[in-house]
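Just so it is clear, none of the values below were taken in a lab; they were calculated from the coordinates. Treat the numbers as computed from the prediction; the structure is a model and nothing was measured. Using ideal geometry, Cβ is built from the backbone for each residue, glycine included, and neighbour counts are taken over all protein chains shown.
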Amino acid sequence: MKNNIIKFSVVLTIITGFSVAILAFLNLKTQPLIQQHRLDEINNAVKEVMPQDVVQIEKKETDGFTFYIGYSDDQKTNIAGYATIAYGKGYSSVIQALIGVDTTFTITGTKVIFQQETPGLGSKIEAMGKYNGKKQIWIHQFIGKKENNIFLDKDNPDKENTIQALTGATISSRAVTKAIKKTLVELKNKTQNIGSE
Amino acid sequence: MGAEKLLVIVVSAIFINNIILSRFLGICPYIGVSKKLGSAIGMGFAVIFVLTIASSVTYLIYVLFLYPSTNNFWYWITGKMYDLTYLRTITFILVIASLVQLVEMVVQKISPPLYKALGIYLPLITTNCAVLGISVLNIEENYNFIESTIHGFAVGIGFTLVLILMAGLREKLDLMDLPKPFEGPAIAFILAGLMSIAFLGFAGLKF
Amino acid sequence: MELKKEFLKGIYKENPIFRIMLGLCPTLAVTSSVENAIGMGLAASFVLLVSNSIISLIKGLIPDKIRIPSYIVVIASAVTVVDLVMAAYLPSLHKSLGIFVPLIVVNCIILGRAEAFASKNKLFPSIADALGMGLGFTLALMLLAFFRELLGNGTVLGINILGESYKPVLLMILPPGAFLTLGLLLGFFNFMDIKKQNKEK
């Protein structure tokens, strides 16, 4: 009986040992690639929403607020824009929208990084459609706006140049609109001190 | 406070992201065991038990042995950070297999009639995607220890709930005349589909 | 030829999904698009091939009492290999398949074939069995995904087939659609079987 337990343990240990060795080797080879993919994903998205002339990106965090600074030169001396993620509690998920602005805090790009809204309804915030007479992705309606002219048509019928809410997805639309407006203000405040560093 | 998040986790696990009807985990035993109400209840309880314990144990093992941090055991004894997260799959499944084995032995000792009633369903919990799935999900969602354990427990409840509902329905179905091609698993899936539509209604739950 | 029989049985007669009813968890989840179905099918087939081969080779060395844990270690390692390689070289597929890559470990097909076949047969038949079952699994996934993606999104492999004016039946790519499609397909295959039986009578 005791002999068996020793035999069992030895066999299992050998098999496990071999496996772990192979995996450790493979892990060493693939880790650099995997890390690179993760970095690329974020960097590519941030570059996409920032102003065109941004060539270098830097991630910063103040008081729990994470944002990105975009420089138009490799030496990182000339600030050309900022980006940050806006979080909005939607219908069935917390929507994450990446927004990029230039130095006047006019939105230059938007991108939905995460959403789990109702497929076919709220999920359309990152889909193509015809909004305000123009064929565009819904969330691109925010491009060109500043924090003082972001209004959802459903909530502000008297205003002009509003964001057209998605049919049947008012909650998702409202969530994104409110989140972007609020985050834009926060971004402006948190980056006030950058220039004086 | 943490309590609100826990409530969200529980309600979400049972209704909104129901493990079977929404996440598609734990289907094999679902189709196999849900024919009779008695076995459904037995399986349900076994799964709740294993899920809760597995969630907490796998979490601890991940945080103490695999993830590079200052709490890491290897860091304590060598002062170096080792990223062993790639061993997650292997360690988790071995932990789960051992746990199920342990649960089997304990149940057999404490209550032989219960052990006999559960029969082969007990060892089969090892290959229940729900257990490994939720263990991995707890890590991916960055839950802490309490959240992981509660999540495992709530998922078990959700699993049992749907299993019992299905068993009740299938017992009734057995007494009806079905077109021959649809007897057995086929009608079970269609039933599951209808239940899944019903549970979709929970998606907009706000509280 | 013997090998051919072992290979072909996995495709229809003993198709893992429609006949033996194994490997259901990933089936319902990844079949919302044909691309994911193919990706998962191939990943699982690869793991099945590796595990069947290794287990068939070392079956003599493993004491019977610890065979299940041993199989599990082999399978879990093969899955981790697939997980790492996919994350490094096919990141977008890896992201779409998500949690279902590590879940290949508990895909009953793999443990099932290890226990029912590879542990009792030589290397080449085990390889044939793995390839057949893998192919059967992949084809079944593709069939399910074909209906779900076509009716639920109007596309197949991302290519728009039904035209701009097609209003997709959203239900198809949501969980209920998965259950319903599988149930209906199962019923259909059973129907074909009954017809065949009646013909033979």
Which whole number in µm²/s is D for the stretch A:65-197 by Stokes-Einstein, with the Kirkwood Rh taken over Cα pairs at 20 °C and 1.002 mPa s?
140
Lys pairs, the stretch A:91-189 - Cα-Cα below 12 angstrom, 8 or more residues apart or on other chains
4
Estimated distance in nm for a label pair at residue C:160 and residue C:122, the labels positioned 7 Å out from Cα along Cα-to-Cβ:
5.6
With Cα coordinates, the longest principal axis of chain B makes an angle with the long axis of helix B:145-174, in degrees rounded to 10, of 10
To the nearest Å, what is the center-to-center distance of the stretch A:149-175 and the stretch B:95-144, using C-alpha atoms only?
50
Computed helical MRE - 222 nm, the protein assembly as shown, DSSP H runs ≥ 4 contributing -39500 (n - 2.57), nearest 500:
-19000 deg cm²/dmol
Between residue A:156 and residue C:189, how high is the FRET efficiency from 1/(1 + (r/R0)^6) when r is the Cβ-Cβ distance and R₀ = 56 Å? Nearest 0.05.
0.50
Which cross-chain or sequence-distant (5 or more) residues have an amide H under 5 Å from the amide H of residue A:137, H modelled 1.01 Å from N in plane?
A:129
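Taking the Cα centre of the protein assembly as shown as the origin, how large is its charge dipole in debye, to the nearest 20, when only Lys and Arg (+1) and Asp and Glu (-1) carry charge on their Cβ atoms?
Values: 54 positive and 41 negative charges, 286 e Å.
Dipole of the protein assembly as shown, to the nearest 20 debye: 1380 debye.
Using Cβ counts within 10 Å as a stand-in for footprinting exposure, how do A:22, B:48 rank, fewest first?
A:22, B:48
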Considering only C-alpha atoms, what is the centroid distance from the stretch C:64-112 to the stretch A:1-54, in Å?
13
For a test of understanding, tell me how many lysine pairs in the stretch B:11-194 have Cα atoms under 30 Å apart, given they are 8 or more places apart or on different chains.
10
Pair-distance profile P(r), taking every C-alpha pair of the stretch B:55-120, with 5 angstrom steps and integer %
4, 17, 19, 15, 12, 10, 8, 7, 5, 2, 0
Which translational diffusion coefficient, to the nearest whole µm²/s, is obtained for the stretch C:2-200 from the Stokes-Einstein equation, given a Kirkwood hydrodynamic radius over C-alpha pairs, 20 °C and 1.002 mPa s?
121
Label point distance in nm, residue B:194-residue B:4, each placed 7 Å from Cα along Cα→Cβ:
4.0
Counting only DSSP loop positions in the stretch B:1-108, the trypsin sites (Lys or Arg not before Pro) whose Cβ has at most 14 other Cβ atoms within 10 Å are B:36, B:80
Using the Cα centre of the protein assembly as shown as origin and beta-carbon charges of +1 (Lys, Arg) and -1 (Asp, Glu), tell me which of B:163, B:9, A:96 is placed farthest towards the positive end of the dipole.
B:163
Where q = 0.22 Å⁻¹, what log10 of I(q)/I(0) comes from the Debye formula for the stretch A:1-49, counting one point per Cα?
-0.79
Scoring chain B by relative contact order with C-alpha pairs under 8 Å, at least six apart, yields a percentage of 40
Which order do C:6, B:183 fall in if you start with the one that has the fewest other Cβ atoms within 10 Å?
B:183, C:6
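In percent, how large is the relative contact order of the stretch C:2-200, given Cα pairs closer than 8 Å and 6 or more residues apart?
35
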So what does log10 I(q)/I(0) come out to for the stretch B:53-207 at q = 0.13, 0.19 Å⁻¹, using the Debye formula with one equal point on every Cα and no solvent?
-0.82, -1.21
In nm, what is the difference between 0.36 nm times the number of residues separating residue C:142 and residue C:14 and their Cα-Cα distance?
44.4 nm
Against the 2.2 N^0.38 Å scaling, with N counting residues, where does the stretch B:33-144 land? I'd like the Cα-based Rg ratio to two decimal places.
1.24
Please list, in chain and number order, the residues 5+ apart from residue A:109 or on another chain whose amide H is under 5 Å from its amide H, with Hs placed from the backbone.
A:100
Once you charge only the Cβ atoms, +1 for Lys and Arg and -1 for Asp and Glu, what is the size of the charge dipole of chain C about its Cα centre, to the nearest 20 debye?
580
When the Kirkwood hydrodynamic radius is evaluated over all pairs of different C-alpha atoms of the protein assembly as shown, what value in angstrom, to one decimal, is obtained?
26.6
Under unit Cβ charges (Lys, Arg +1; Asp, Glu -1), what dipole magnitude, rounded to 20 debye, does chain A have relative to its Cα centre?
700
Starting from the 7 Å offset along Cα-to-Cβ, what nm value, one decimal, do you get for the label separation of residue B:114 and residue A:38?
4.1
Quick one: B:151, C:94, A:140, fewest Cβ neighbours within 10 Å first, how do they rank?
A:140, C:94, B:151
